[in-house]
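For reference, the structure is listed below as structure tokens.
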């Protein structure tokens, strides 16, 4: 299961190459505290902002999951990724047409807090990562578009992480 988490973490961050808050999201303290109090032993993949809401991808009890919080730490949606899967062709076609993509890169089966088995389809164009959470019947639960980082932004984040690691090494010695 840990390999599954790492694979998903890699897929969601393939454009940057690491799994530590790659988008430098400023998450409100109340949201961080609410999450960390409930999921003490969770391994956080990363946080991201979706339309002013905060989504965390994490591994807990050997299950890769996500939670979307509002700024007041209210849970808006949760989901568990059960497996990497192929989606029905009609859903893939709908995803490609909606975002004008030539192909999608990944599909996951997800159980949402609404009890719906759904497919999470992921794809990218040159500037954005696109996601669509859709039921088996084709009802769109939500869509998401996020601007990809430029090479310069990725290099700066890598540099910041290396500096943090160097400082931590000095502290440990």
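The values are calculated or read from the model by the stated rules, or taken from the named source; none is laboratory data. Predicted model, so just to flag it, every value in this text is computed and none were measured. Glycine gets a Cβ as well: all are built from the backbone with ideal geometry, and neighbour counts include every protein chain shown.
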Give the residue, chosen from 107, 150, 82, 135, that is crowded, with 18+ Cβ neighbours inside 10 Å and either at pLDDT below 85 or out of contact with any strand residue (DSSP E or B) (no Cβ under 6 Å at 6 or more places or on another chain) (or both). 107
Kindly check whether there is at least one residue in the range 79-97 that is at positive phi and outside any strand (DSSP E or B). no
Residues in the range 87-115 that are within 19 Å of the chain's Cα centre (by Cα) and either touching a residue at least 60 places away in the same chain (Cβ under 8 Å) or under 17 Å from residue 144 (Cβ atoms) (or both): how many? 12
